[in-house]
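Here, each number is a calculation from the coordinates, and none is a lab measurement. The model shown is predicted, which means the values in this text are computed figures rather than measured ones. Because the Cβ atoms are built from the backbone with ideal geometry, glycine has one as well, and the counts that use them run over all protein chains shown.
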Amino acid sequence: MYPLRPAKNTVGTAYNLVHQDMLLQDQLKSDGAFAELVVAFQQHFDEAISEHSYFSAPVVFNDVMLQKYEPKSGGITPHRDRTDYRHIICLFVLEGFGRFYIADDRNKTNAIEIANLPGDVVLMPGPGFVGLNNRPFHYLENITQERWVFGLRHDQSKLD
Ligand SMILES: [Fe+2]
């Protein structure tokens with residue numbers, strides 16, 4: 001990956017306002033370890049789902065994002081990922097600790113904590129997963145140790 005840059009502190013407006021406190025990079029070096037991970041994971045993923053019908057169209061992991069959260073970072077407040085992110089969202093937790101939740105809404109109603117230790121891959125549905133239009137609210141807080149996450153997504157806007 002190339003050097004990280006600070007993410008915008010806020011995204012959206014008014015009721016949809018999301019606060020985030022992270023560094024990120026979304027451009028891959030073509031010859032780096034992350035590029036190898038993308039190729040290998042895409043291959044394993046395709047094999048794993050080949051006999052299932054979870055998705056109505058091929059899943060193409062064409063969007064990458066490396067995120068770094070410093071200790072005591074504010075994390076990211078409840079939000080849903082963009083509608084262009086289809087099918088499935090894969091978050092590889094590389095290092096560090098923070099508490100990750102899904103919830104029914106921005107007010108954290110019925111929040112459920114999701115295990116996300118280093119080595120875990122958190123999978124979240126996107127629109128199109130098993131024919132549904134599911135975009136769960138999710139958030140990250142209580143970062144206690146420098147946290148690195150590599151995200152893989154299918155960005156439909158890059159394919160249309
Ligand atoms: Fe998100």
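Apply the Karplus parameterisation 6.51 cos²θ - 1.76 cosθ + 1.60, with θ equal to phi minus 60°, to every residue of the stretch 147-160 and state each ³J(HN,Hα) to the nearest whole Hz, in sequence, with x for glycine and proline.
Once θ is set to phi - 60°, the couplings for the stretch 147-160 become 10, 10, 9, 10, x, 10, 9, 9, 9, 5, 5, 7, 10, 6 Hz.
Given the peptides 147-158, 13-24, 28-39, arrange them by the average over their residues of other C-beta atoms within 10 Å, most packed first.
Numbers: 147-158: 19.2, 13-24: 14.0, 28-39: 12.2.
Averaged packing, sorted descending, gives the order 147-158, 13-24, 28-39.
What share of Cα pairs, in percent, lie more than 16 angstrom apart in the stretch 1-57?
The calculated P(r) of the stretch 1-57 puts 65 percent of pairs beyond 16 Å.
So what is the orientation-averaged projected area of the stretch 59-126, using the convex hull of its C-alpha atoms, in nm²?
Seen from a random direction, the Cα hull of the stretch 59-126 projects 5.0 nm² on average.
Could you go through the stretch 16-22 in sequence order and give the Karplus-derived ³J(HN,Hα) for each residue, using 6.51 cos²θ - 1.76 cosθ + 1.60 with θ = phi - 60°, rounded to whole Hz, and x for Gly and Pro?
8, 4, 10, 9, 9, 9, 7
Leaving out same-chain residues fewer than 8 places away, which aspartates and glutamates sit with a Cα under 20 Å from that of K108?
Hits, sequence-local ones excluded: D21, D81, E141.
Lys and Arg at +1, Asp and Glu at -1: add these up for the other residues within a Cβ distance under 13 Å of Q25 and post the number.
Here the charged neighbours net out to +1.
What is the extension gain from N142 to S56, computed as 0.36 nm multiplied by their sequence separation minus the C-alpha to C-alpha distance, in nm to one decimal?
Working it through step by step, the gained length comes to 27.3 nm.
For the chain, what is the charge dipole size about the Cα centre, in debye to the nearest 20, if Lys and Arg each add +1 at the Cβ and Asp and Glu each add -1 at the Cβ?
The calculation lands at about 540 debye.
Suppose we keep just the alpha-carbon trace of the stretch 5-158; what are its Rg and Dmax in angstrom?
15.4, 44
Amide H of I114 versus every other amide H placed in the peptide plane: which residues, excluding those fewer than 5 positions away on the same chain, fall under 5 Å?
F100, Y101, I102
Taking the chain as a Gaussian network, Cα atoms linked when under 10 Å apart, which of P78, P118, P136 shows the biggest mean-square fluctuation?
Highest fluctuation among the options: P118.
Which lysines, on any chain, are close to K68 with Cα under 20 Å apart, when same-chain ones fewer than 8 places away are left out?
Within the straight-line limit of under 20 Å, K68 reaches these lysines: K8, K29.
Which of the listed residues, W148, T13, G119, is farthest toward the dipole's positive end in the chain, when Lys, Arg count +1 and Asp, Glu count -1 at the beta-carbon?
Farthest towards the positive end: T13.
Amide H neighbours of G75 under 5 Å, at least 5 residues apart or on other chains, H built in the peptide plane: list them.
Hits under the 5 Å cutoff: D21.
Can you give the relative contact order of the stretch 5-158 as a percent, counting alpha carbon pairs under 8 Å and 6+ residues apart?
The normalised contact order for the stretch 5-158 reaches 30 percent.
Sequence-distant or interchain residues sharing an amide H contact under 5 Å with F137, placed H: which?
The answer is A103.
Determine, for each peptide in 54-64, 40-50, the mean count of other beta carbons within 10 angstrom over its residues, then list the peptides with the highest first. Working shown, then result.
On the way: 54-64: 15.8, 40-50: 11.8.
Going by the mean number of other Cβ atoms within 10 Å, highest first, we get 54-64, 40-50.
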